[in-house]
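Take a look at the structure set out below.
Read the figures in this text as sums done on the coordinates, not as results from a lab. Just so it is clear, the model here is predicted, and its values are computed rather than measured. Glycine also receives a Cβ, built like all others from the backbone with ideal geometry; neighbour counts cover every protein chain displayed.
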Amino acid sequence: MSASAWSSPLEDVTQAIASLIREDTRHLPSLAQAERLKEIRQGINRLEAQFTTELRVFDQQQGWAVSGHQSLQGWLRRNCLFSSAAAADRIRLGRQLEELPQTAVAFQEGRLSAQHVGVVGRLAAQVGTEALQPAEADLVRWGGELDTWEFRHLTQRLRHCLDPEGAQADANALHEKRHLGLSQSWQGLYFLEGQLDEEGGELVRTALEAIEGVPQAGDSRSKGERRADALVELARRQLDAGSLPERAGQKPHLHLVCECGTLRQEPGAPPAELNGEVLVPREMVRRYGCDALLTIERKSEAPLGEAGRARRVVPPSLRRALQRRDRGCRFPDCDRPPEWTDAHHLKHWADGGWTELENLLLLCRRHHRRVHDEGWRVTREEGGGWRFISPAGEGWPGP
Ligand SMILES: [Zn+2]
Ligand SMILES: [Zn+2]
């Protein structure tokens with residue numbers, strides 16, 4: 001066969017693609033456009049199949065060596081701009097398809113995409129083509145009906161049945177790759193980076209999603225912000241529960257050192273220190289001081305309680321009465337239950353406010369932060385309710 005006769009169908013395809021590109025399809029009805037898109041996709045699948053078949057011949061004949069390349073993988077990277085991993089996958093697939101004839105035919109007929117066939121190839125690499133052959137007809141059928149993610153999930157189920165030891169070994173290998181980095185920038189931001197195995201990732205995701213809940217009306221936080229808040233809340237709840245092992249003879253907790261002037265917001269008062277090194281703004285100190293299990297150390301003489309004494313500001317009996325009255329966060333449209341809240345002092349105890357029912361209300365962490373750190377105000381209404389006033393001066397009645 002001469003070279004020109006051999007290449008002519010390819011020239012036809014090239015010309016057909018050029019005509020296709022010139023066609024203006026904007027006037028077509030949507031149903032016709034949908035049919036065209038499916039047909040184009042099928043054509044792409046068939047061309048991918050042809051590419052893979054011809055690549056296999058090229059592989060067997062070591063055609064790549066003629067142009068001075070050291071390997072077919074290198075040739076694919078240079079000439080078809082594949083990544084190393086994608087090149088290796090495609091070469092392996094070409095070899096595997098010789099032993100998976102039903103998959104090869106479905107690929108050539110455009111019923112399976114290159115991605116789907118790649119999923120079959122990865123499964124074959126894990127369990128061996130021979131083990132896969134009895135299930136091949138079912139795989140081809142499912143591959144034509146499921147999207148790539150669903151299909152991959154199905155093949156992994158099959159993999160666990162056919163090769164439980166291999167699945168265990170893979171899970172162990174993933175487990176060995178786990179790590180978590182936590183570092184602080186000069187600006188004070190903490191960076192978290194890491195990776196978890198599937199079991200660990202699912203555990204963390206499940207816990208965070210339980211804390212995140214469903215976004216409430218008026219919650220403008222992004223998904224990432226909500227997740228970050230959930231992680232902090234998870235740590236806070238664990239510390240509050242007091243069930244973590246002791247370190248240096250003490251239950252772990254945040255350790256806040258401040259002077260009375262800081263709590264009273266006196267001009268020129270120094271910042272507080274969290275855990276002996278992090279400097280925190282004074283409104284944050286007042287928020288912590290409202291109702292948190294922390295250690296307040298007295299640096300100057302003032303009625304702050306005994307030095308170094310861990311204290312819960314609101315005693316349990318008063319907390320119970322508060323929970324009966326407020327039944328959760330009192331911020332408008334907030335549904336966080338009592339166990340997710342702090343008791344906020346309307347008039348801070350550092351300013352002489354009493355720790356008693358009339359001077360307290362429950363706020364979830366986010367809304368407690370809003371009141372202290374973000375400039376919102378809460379006032380008592382004459383009828384006994386609450387009023388929340390934004391920094392811009394707009395007011396909302398609390399529930
Ligand atoms: Zn407060
Ligand atoms: Zn709230």
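Quick notes on this one:
- Net lengthening on full extension, Q323/L244 (0.36 nm per residue, minus Cα-Cα): 25.9 nm
- Order of T355, T103 under a 10 Å beta carbon neighbour criterion, fewest first: T355, T103
- Of all DSSP beta bridges in the chain, antiparallel share, percent nearest 5: 85
- Over the chain, DSSP H runs of length four or greater, each weighted -39,500 (n - 2.57), average out per residue to a 222 nm ellipticity of -16000 deg cm²/dmol.
- Close amide H partners of W386, meaning residues 5 or more places away or on another chain with modelled amide H under 5 Å apart, are E381, G398.
- Once the convex hull of all Cα atoms in region 1-118 is built, its volume per residue stands at 141 Å³.
- Overall Cα dimensions of the chain - principal axes, largest extent first, Å: 101, 58, 41
- Note on region 67-131: Kirkwood radius taken over Cα pairs, Stokes-Einstein applied at 20 °C and 1.002 mPa s, translational D equal to 171 µm² s⁻¹.
- Normalised size of region 179-241, defined as Cα radius of gyration per 2.2 N^0.38 Å with N residues, equals 1.25.
- A simple spin-label model places the labels of K347 and S185 4.2 nm from each other, with each point 7 Å out along Cα-to-Cβ.
- Amide H contacts of L360 (H built 1.01 Å from N, under 5 Å, at least 5 apart or other chain): L346
- Over region 90-176: Kirkwood hydrodynamic radius from C-alpha pairwise inverse distances, Å: 13.1
- With a cut-off of 15 Å on the backbone N, the residues of region 88-105 near the modelled label site 7 Å out from C80 along Cα-Cβ are 88-98.
- Each of E98, E130 was scored by other Cβ atoms within 10 Å of its Cβ. Arranged with the fewest first, they read E130, E98.
- Nearest 10 degrees, 0 to 90: helix 30-60 Cα axis against the chain principal axis: 70
- Per-residue HN-Hα couplings for region 255-260 [Karplus 6.51, -1.76, 1.60; θ = phi - 60°; Hz; x = Gly/Pro]: 10, 10, 10, 8, 9, 4
- Estimated at 0.36 nm per residue, the fully extended path between E358 and S30 surpasses their Cα-Cα distance by 111.6 nm.
- Aspartates and glutamates with Cα under 18 Å of K347, excluding same-chain neighbours fewer than 8 positions away: E266, E283, D291, D326, E356, E358, D373, E374, E381, E382
- Max mean-square fluctuation residue, GNM over the chain, Cα-Cα springs under 10 Å, options A88, A173, A207: A88
- Put in order of Cβ neighbour count within 10 Å, fewest first, the listed residues H153, H255, H368 become H153, H255, H368.
- Each Cα pair of region 314-399 feeds into the Kirkwood radius, which the Stokes-Einstein equation turns, at 10 °C and 1.306 mPa s, into a diffusion coefficient of 123 µm²/s.
- Estimated inter-spin distance, A235 and E99, nm [label 7 Å along Cα→Cβ]: 5.0
- Cysteines in the chain that, by Cβ-Cβ distance, have no pairing candidate under 4.7 Å: C80, C161, C258, C260, C290
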